[in-house]
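The block underneath contains the structure these notes are about, expressed in structure tokens.
The values are calculated or read from the model by the stated rules, or taken from the named source; none is laboratory data. Please read all numbers here as calculations on a predicted model, not as lab measurements. Don't worry about glycine lacking a Cβ; one is built from the backbone with ideal geometry, like all the others, and counts go over all protein chains shown. Please note that ligands, DNA and RNA were not included when accessible areas were found on the heavy atoms of the full protein model with its side chains. Shrake-Rupley method; radii C 1.70, N 1.55, O 1.52, S 1.80 Å.
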Protein chains: 2
Amino acid sequence: MTLPARAQEPGTTTTIHTDGGGTVRRTVLPGGLRIITESMPAVRSAAFGIWSAVGSRDEAPADAGASHYLEHVLFKGTRRRTALDISAAIDAVGGDLNAFTAKEYTCYYARVLDTDLPLAIDVVSDMVVDSVNRPEDVEAERGVILEEIHMRDDDPGDLIHDEFAAALYGDTPLGRPILGTEESINALSRDRIHAYYREHYTPPNLVVSAAGGVDHDEVVRLVSRAFEGRLTGDAAPAPPRVDGEPAPVDPRTVVIEKDTEQTHIILGGAGVSRTDERRFALGVLNAALGGGMSSRLFQEIREKRGLAYSVYSYTAQYADSGIFGVYAGCQHAKADEVLTICRDEIARAADEGLTDEELERGKGQLRGAMVLGLEDTGSRMSRIGKSELVYETLLPVDEVLARIDAVTLDDVRAIAQDVLTAPQALTMIGRF
Amino acid sequence: MTLPARAQEPGTTTTIHTDGGGTVRRTVLPGGLRIITESMPAVRSAAFGIWSAVGSRDEAPADAGASHYLEHVLFKGTRRRTALDISAAIDAVGGDLNAFTAKEYTCYYARVLDTDLPLAIDVVSDMVVDSVNRPEDVEAERGVILEEIHMRDDDPGDLIHDEFAAALYGDTPLGRPILGTEESINALSRDRIHAYYREHYTPPNLVVSAAGGVDHDEVVRLVSRAFEGRLTGDAAPAPPRVDGEPAPVDPRTVVIEKDTEQTHIILGGAGVSRTDERRFALGVLNAALGGGMSSRLFQEIREKRGLAYSVYSYTAQYADSGIFGVYAGCQHAKADEVLTICRDEIARAADEGLTDEELERGKGQLRGAMVLGLEDTGSRMSRIGKSELVYETLLPVDEVLARIDAVTLDDVRAIAQDVLTAPQALTMIGRF
């Protein structure tokens, strides 16, 4: 097991492992910045990302939406570049430049041809370390975020996920939407956004990751140059978010009247945390219950009865807790029937677990999806960058595959009895 | 230039070209079935697809939605397999199995590890050549498709594209939605669906394509076995859909009252056909006008004024015609302002064309996106399969890149004056 980054001597590089055709290396720079890369032979593109350890979970109620708002503002300009300079640089080489904000982290990334990697490193690093957050840009972006909220509100299949988080976690950091609310966005000032930036975007709280046709030493050299003047002091990389007591849940039933064509339903409760050893068993259970076309829910609700087009189960993991939920969209008149089938299938899986065949199929599904995903430079960059941020260290792909393989019927039954019998929240959007 | 497939001797194989690291080969089998593969060295996954030359454009008004309905029904079972057998086979190896229906073609595909390619070929081929289309399965799937229509109706950002096609092309094959309507889906009988299948899913109208870690001869052997008994006679592969007179447009303004949070807008008109030599110039124009974050529309509407979260221009190409359109979602009270900016930018581009810098950036954007896309086995499979179906022959990647490079400011000005001054349809969904 590799040591965590904060135990690694600043200014040194370690080879974490070689796996699935790539070599993963990590350098810790003075000031506590981590750089992790995975070189993939014979790949001509590169994905580059900078991960920040801050997300909507870190926001006080008055700051709701600040992490995501800031993510937008970082595209608006640095001391050296306007917003147009930033986007034009990556558009000109046909790359993708984007970012996303989650509850526990934020990521800025670009995917480019390997020959354009120096450009991508320069642009993305500049955005993250040298944003000016001009008041007029913060103001213009407020309108953009309000429209993002309105767009989310116009798509009930999207809105219901935010409503469900609120129904499960209540008015707590995990229960509040990443986008914030119209009120909180209108109330956030430029100074508050800028202070949030200065507070959270520090080298110990950032992880730089790159994957594809990349040379580790070259990435370290380019990132060091882009972060020049900021990599001083003896701060160590920040440890992962504390994995303490699970975030409290307060599962409620929330019915939202809306003039929709379908009733949109999520039924679910607490799952497991990101570090819970049972997450592999829950992954297999999820695959069998609602993770694919051969799953029980898909077969019962869509294949046999034709009640829904979209029906699936899913999991989410956080540092201390998680979600297991089931989504379906159906005719208003069939909502009770669909909900009854969901409840019956959840109860049956909790009582009986899975069959041998489902266990094997579920494992195959997780293994295959993992290995297929590794061909994409963006997926590899995400895997190593996010792991560095949220785990003590990176689990090699072979080790992940071995843990999936090791899941037994008893493991699945145990997690099913725990997760599927926990108190459940229910959210429905439709005409009632 | 390689000969079209129908001029190739049945039972023979030809190497079309070697390009971007892959070798493209084509075999024409007796009965008129084409198999085209691209082997990508050092890639461990494979994408396999079967393309049918039929789409919603081929439907009489009474059959509206039949191509897509049939696509669903083909997942419901063959003489050898139930619906569960089909999905379980691919889920068990962690593959993706899916399909999509377009206006001019339909595609069924799987992406798997290369060692699972024989399984994928067997399953997808079985679905396409030996579907039983049982009445009870057609009946159950009717409900699923109605829910797919309802889900589309619940997302105005999705619905508006179908409404815009109707506003541009009217009640014609290109103007009608791929999904059909509630009425047409309710009226389609099992016998009609089955007849549609027998009529259109014949070897000359199908193209088999595979890309990734694939061996051409092995693919030919496995596909020949899966199509056993059907590859007889001397039919030649079907030629591409006739590229005749452009489909007539009848651009109208359609305003749809709906209780949405945003006003969703599409403004656009006729573009160019798939074989139009000016498509590369239109691609560059599209990139500069609304194709990326550095584009004029994104800069004017989102970056400077903060009026929209989602704003972009796009093109669609068909055998004889195409679309150039602009989408934006904004506050109801700002819809007029957004529409005015769209119209001004369209008029300005028609009058003045692009700057040198925009031309170069637009070309770089198209080139980079194309090359980056080639790392994905699914993209390669689509490129070669779709090209074989809709063009006389496949344009090598280097040739596509050269044509993009050759676009001049005059080419862009000419296409802008043509496309951007054509009569425009306007569709708006919102509260008025």
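Here are the numbers for the structure shown:
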read-out: Accessible carbon and sulfur surface of the stretch B:253-430 relative to its total accessible area, %, 1.4 Å; value: 48 percent
read-out: Within chain B: Cβ-based charge dipole about Cα centre, in debye rounded to nearest 20 (Lys, Arg +1; Asp, Glu -1); value: 520 debye
read-out: Accessible surface of the stretch A:3-226 [probe 1.4 Å, protein heavy atoms]: carbon and sulfur percent; value: 51 percent
read-out: For the pair A and B, total buried accessible area rounded to nearest 100 Å², probe 1.4 Å; value: 4900 Å²
read-out: Solvent-accessible heavy-atom area per residue, rounded to whole Å², over the protein assembly as shown at 1.4 Å; value: 36 Å²
read-out: Centre separation in Å (Cα based) which lies between the stretch A:314-387 and the stretch A:394-432; value: 7 Å
read-out: Euclidean distance between Cα centres, the stretch A:199-245 to the stretch B:23-75, Å; value: 46 Å
read-out: Total charge dipole magnitude, the protein assembly as shown, about the Cα centre, Cβ charges on Lys, Arg, Asp, Glu only, Debye to nearest 20; value: 900 debye
read-out: Residue with peak Gaussian network fluctuation, chain B [Cα springs, cutoff 10 Å], from B:Lys103, B:Lys258, B:Lys304; value: B:Lys304
read-out: Spin-label pair B:Val242/A:Thr14, simplified geometry with 7 Å Cα→Cβ offset, distance in nm; value: 7.1 nm
read-out: Label-point gap, in nm, between A:Asp398 and A:Glu277 - each point 7 angstrom along Cα→Cβ; value: 2.2 nm
read-out: Semi-axis lengths (Å, descending) of the ellipsoid that matches the C-alpha gyration tensor of chain B; value: 37, 27, 19
read-out: Threshold 50 Å² - residues in the stretch B:275-294 whose accessible area is reduced by that much or more when the chain is no longer isolated, probe 1.4 Å; value: B:Met293
read-out: Global form of the stretch A:1-105, assessed from the alpha-carbon gyration tensor, a/c cut-off 1.5; value: oblate
read-out: Those aspartates and glutamates that a straight Cα-Cα span of less than 13 Å connects to B:Lys304, excepting residues fewer than 8 apart in one chain; value: A:Glu136, A:Asp137, A:Glu139, A:Glu141
read-out: Reduction of at least 30 Å² in accessible surface, 1.4 Å probe, comparing all protein chains with the chain by itself, residues of the stretch A:370-398; value: A:Leu372, A:Glu375
read-out: For B:92-99, mean number of other protein chain Cβ atoms within 10 Å; value: 6
read-out: Cα-based Rg of the stretch A:253-430 normalised by 2.2 N^0.38 Å, two decimals; value: 1.07
read-out: Normalised contact order of chain A, rounded percent, pairs of Cα under 8 Å and 6 or more residues apart; value: 23 percent
read-out: Relative contact order [Cα under 8 Å, 6+ residues apart], the stretch B:276-400, whole percent; value: 22 percent
read-out: Distances in nm from A:Val242 to the matching label points in the other copies, shortest first (labels 7 Å along Cα to Cβ); value: 7.6
read-out: Value of Rg to Rh for the stretch A:107-165 (Rh from inverse mean 1/r over Cα pairs, i.e. Kirkwood); value: 1.15
read-out: Over 24 Å between alpha carbons, listed pairs B:Lys258/B:Lys334; A:Lys103/A:Lys386; A:Lys334/B:Lys103; value: A:Lys334/B:Lys103
read-out: Of A:Ala66, A:Ala140, A:Ala120, the one that fluctuates the most in a GNM where chain A has Cα springs shorter than 10 Å; value: A:Ala140
read-out: Computed over the stretch A:3-226: relative contact order in percent, which uses C-alpha pairs under 8 Å that are six or more apart; value: 33 percent
read-out: DSSP-assigned coil residues among chymotrypsin sites (Phe, Trp or Tyr not before Pro) in the stretch A:277-367, each with at most 11 further Cβ atoms within 10 Å; value: none
read-out: Leading residue at positive end of dipole, the protein assembly as shown (Cβ point charges), from A:Gln365, A:Leu159, B:Gly55; value: A:Gln365
read-out: Label spacing, shortest first and in nm, from B:Thr15 to its equivalents in the remaining copies (7 angstrom along Cα→Cβ); value: 3.7
read-out: Of A:Ile266, A:Tyr109, B:Gly32, farthest towards positive along the dipole that unit charges on Lys, Arg, Asp, Glu beta carbons give the protein assembly as shown; value: B:Gly32
read-out: Å³ per residue enclosed by the Cα convex hull of the stretch B:3-226; value: 144 Å³
read-out: Average beta-carbon neighbours from other chains, 10 Å sphere, peptide B:300-309; value: 6
read-out: Order by protection proxy (mean Cβ within 10 Å, highest first), peptides B:24-30, A:54-60, B:4-10; value: B:24-30, A:54-60, B:4-10
read-out: Extent along principal axes [Cα atoms of the protein assembly as shown; Å; largest to smallest]; value: 78, 70, 55
read-out: Exam field: B:Arg198 pseudo-label spacings to other copies (7 Å along Cα-Cβ), nanometres; value: 7.8
read-out: Neighbouring partner chain Cβ atoms per residue of A:139-146, average, 10 Å criterion; value: 5
read-out: Ellipticity estimate at 222 nm from DSSP helix runs (n ≥ 4, -39,500 (n - 2.57)) divided over chain B, nearest 500; value: -12500 deg cm²/dmol
